[in-house]
1. Looking at the square roots a ≥ b ≥ c of the eigenvalues of the Cα gyration tensor of segment 10-75, which shape do they give, rounded for a/c under 1.5, prolate if a/b is larger than b/c, or oblate?
2. Which residues in segment 15-29 have a backbone N closer than 18 Å to a point placed 7 Å from the Cα of V38 along the Cα-to-Cβ line?
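What follows draws every value from the coordinates through simple rules; no lab data is involved. Model, not experiment: these values are computed from the prediction. Every residue, glycine as well, gets a Cβ built from its backbone with ideal geometry; the counts of neighbours run over all protein chains shown.
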Amino acid sequence: MSGAPAAAARGAGFTAGLFSDLAWTLAGQATAAAGVLVGFRLLTETLPPAVFGTVSLLTALATFARALGGFPVLQAALRHHPESAGAGPRPSSQVAASARRGSRS
């Protein structure tokens, strides 16, 4: 079997998988958005304005705390993953040593 058809077949499978992943991601995001809209609609109809204001403020604070705690970790993963993925597996002794050294590696 020639290398070019095999590479094309792998590329077609990759593209199909990419579109499948994209479709699932978009469907999940659309469902989450619809859930938020329905949830806020129910809250505005059932809660008095003062209580809704408190709930809205607490929701905003929780979202901010989540972003403050999660985004730096995600950014570090995006920054360091390509380098570590290409380096192969690291023995546990190297992981422990680099953790003790901190960022001086």
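1. Judged from the Cα gyration tensor, segment 10-75 comes out oblate (a/c at least 1.5, b/c at or above a/b).
2. Answer for segment 15-29: 26-29.
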